[in-house]
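S.K.: I am attaching a structure below and will ask some questions about it afterwards.
Rule-based calculations on the coordinates, nothing more; no lab input. Everything quoted here is computed from the prediction, not taken from an experiment. In this analysis, Cβ positions are derived from the backbone assuming ideal geometry, glycine residues included, and neighbour counts consider all displayed protein chains.
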Ligand SMILES: NC(=O)c1ccc[n+]([C@@H]2O[C@H](COP(=O)([O-])OP(=O)(O)OC[C@H]3O[C@@H](n4cnc5c(N)ncnc54)[C@H](O)[C@@H]3O)[C@@H](O)[C@H]2O)c1
């Protein structure tokens, strides 16, 4: 009998340091690293050393209250940056200067100029810069993207997306979101930016934005009620909205094509979004892609299906797990990030364009011209 020798490929784990030890590190990034087979946590930096110590005592690694000291570690390959938005730039630029790869939480920066400097610093250093638009990794979004790219719903002329989350719903460690100097925005840059990115991911590049951003309810005078119209380079039109006062997590993205419709929901459901993905088609069963054929529960004779709604419930997997796996993959294979600094920058330009639209009361062209300033509206 011939003996077969099994070769175990020992892939080197990416050694990660966290920049920031707040809520999203505890809820998502640290547990995701712990359960991943591609990464390990070696250090945590926070301006508040106690937060870094508590996180390392729960998840491992060495605590730091000095960023340069952590970045000086030889056994550190990469960092995840999740500090108040204003400090993303200093974290990313310092990491790049030390040759460390970066996964930077959304938003990339507070303004487009900062975003450009971050992209340049990472390009110059030759390190991976991935942006934390984790909603792209939802199973339903991946399927929708594949269907749209394959032309399954024809030409998309119209889309809309809403994402609302009450200000008290999320267990933040600090109140930085409601200090516009630190956050750059309370709703548009924190919640809606996910949908700005999803809109561009699914429909294509933007050509303009027109915004209506107001303060309606919260005690903090910030953008808690956000509406934006958008034009896409394809000629499509869209509407993006969000708020921070309504008690439910409101969520839904609709894409209307010439040959079908896609409704997407996130991880919450409601009577209006009872499945993560619903696709309307006029194609018969034999003309459907496998992902839809396999998802559909026929009422009787499946082969007689002549079109209608197909409900898809993809297995619920953590988008953070896929996000981290993509980051490790880019580093170990020397590939560009799956969600790049330019993706982050385009979303940043959209926000800055929306702010300018509020000042001028008019449409602002995208990609953003360098001459458009970053000017947060004065809410009342
Ligand atoms: N992708 C997502 O869906 C998602 C979800 C939540 C948060 N985030 C992003 O993560 C980032 C952090 O959010 P959070 O909810 O964890 O905030 P948080 O308020 O819970 O924590 C912020 C942490 O940063 C620390 N900090 C403050 N200034 C610092 C500095 N200069 N250097 C290092 N640490 C500093 C604070 O001590 C605190 O521990 C934000 O950019 C946010 O947009 C993304």
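S.K.: What distance in nm lies between label points placed 7 Å from Cα along the C-beta direction at residue 332 and residue 172?
M.R.: 3.6 nm
S.K.: Can you pull the one-decimal nm distance between simple spin-label points at residue 380 and residue 290, each 7 Å off the Cα toward Cβ?
M.R.: Each label point lies 7 Å from its Cα, and together they span 6.0 nm.
S.K.: Okay, helix-only estimate at 222 nm for the chain: each DSSP H run of n ≥ 4 adds -39500 (n - 2.57), divide by all residues, round to 500 deg cm²/dmol; what do you get?
M.R.: -8500 deg cm²/dmol
S.K.: Determine, from the Cβ-Cβ distance of residue 297 and residue 157 and an R0 of 30 Å, the FRET efficiency 1/(1 + (r/R0)^6), rounded to the nearest 0.05.
M.R.: Between residue 297 and residue 157 the formula returns 0.45.
S.K.: Any chance you could check the Cα centroid distance between the stretch 41-75 and the stretch 88-120 for me, in angstrom?
M.R.: Taking the Cα centre of the stretch 88-120 as reference, the centre of the stretch 41-75 is 19 Å away.
S.K.: For the stretch 23-79, max minus min Cα coordinate along each principal axis, in Å, sorted largest first?
M.R.: Here the spans come out as 27, 24, 16 Å, largest first.
S.K.: Given 0.36 nm per residue, what is the gain on full extension from residue 239 to residue 23 after removing their alpha carbon distance, in nm?
M.R.: Between residue 239 and residue 23, full extension yields 74.8 nm more.
S.K.: Can you tell me the alpha carbon radius of gyration of the stretch 84-243 divided by the globular rule-of-thumb value 2.2 N^0.38 Å?
M.R.: 1.11
S.K.: Given 10 Å bins starting at zero, what is the percent of C-alpha pairs of the chain in each, up to the one with the largest pair distance?
M.R.: The percentages, shortest bin first, are 5, 22, 30, 25, 13, 4, 1, 0, 0.
S.K.: What is the calculated FRET efficiency for residue 311 to residue 48, with r their C-beta to C-beta distance and R₀ = 41 Å, to the nearest 0.05?
M.R.: So the FRET efficiency works out to roughly 0.35.
S.K.: As a test, work out the antiparallel percent of DSSP beta bridges whose residues both lie in the chain, rounded to the nearest 5.
M.R.: Here the antiparallel bridges make up roughly 60 percent for the chain.
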